[in-house]
Amino acid sequence: MPRKTTNTRGSGKKVIRVFCEGESEQAYTEFLKKRFSEVAVIKYPKATGLFNEAQNRFANDPQYRDYTNEIDEVWFFYDVELKDISLWEERYRIIKELRKLRRKPGIKVRLLLTTGCIEYWLMLHYQFFIPPLGTVSDKEKVMAMLVGKEPK
């Protein structure tokens, strides 16, 4: 029996696959998905994970592997942190591999880097908020406040 297709190309919408580092990035991706649903199909795994997760999904998951000709862009949505500096060479290698998945033209890979601004943006939906978000502990405090306002 032929495989059922989930072709969104006929709709003229961009097809975007997103990989998120954490829950706040997923929440913002969900907002983007709803806000831009008329022009784009934004999909992301419910589990968090970045470059290695993307590489594994495109290699093994049929929803990714078999539909690379439909995917226009891959987004990586994560915080910029000093601990990640040593990973840049490996991440760049994975980006180059992903760009080659679709020929003519290749898949665009976008890096969406944050430094706690997503948490700040989400918190502004609940209250006027002007704290500094310069450290990991500052970010964790805001996340705890957000969870208190919007539990799962």
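None of the figures in this text is laboratory data; all of them are computed from the coordinates on show. Because the structure is a prediction, the values reported are computed rather than measured. Cβ: placed from backbone, ideal geometry, glycine included. Neighbour counts: every protein chain shown.
Summing charges over neighbours of Arg17, with a neighbour being any other residue whose Cβ is under 12 Å away from its Cβ, gives +3 when K and R count +1 and D and E count -1.
Legend: P(r) of region 11-114 from all alpha carbon pair distances, 10 Å bins from 0, whole percents, reading 14, 50, 32, 4, 0.
Each peptide in 101-108, 14-21 was scored by the mean count of other Cβ atoms within 10 Å over its residues; highest first, the order is 14-21, 101-108. Region 52-111 gives an Rg/Rh value of 0.99, both radii derived from C-alpha positions and Rh following Kirkwood.
Take the Cβ atoms of Lys96 and Trp121, set R0 to 22 Å, and the FRET efficiency comes out at 0.10. Take each peptide in 37-50, 83-96, count the other Cβ atoms within 10 Å of every residue, and average; sorted highest first, the result is 37-50, 83-96. Cross-link candidates for Lys139: which lysines have Cα within less than 28 Å, leaving aside residues fewer than 8 places away along the same chain? Straight-distance partners of Lys139: Lys33, Lys34, Lys43, Lys46, Lys83, Lys149, Lys152. Each Cα pair under 8 Å and six or more residues apart adds its separation to the average, and for region 12-114 the resulting relative contact order is 33 percent.
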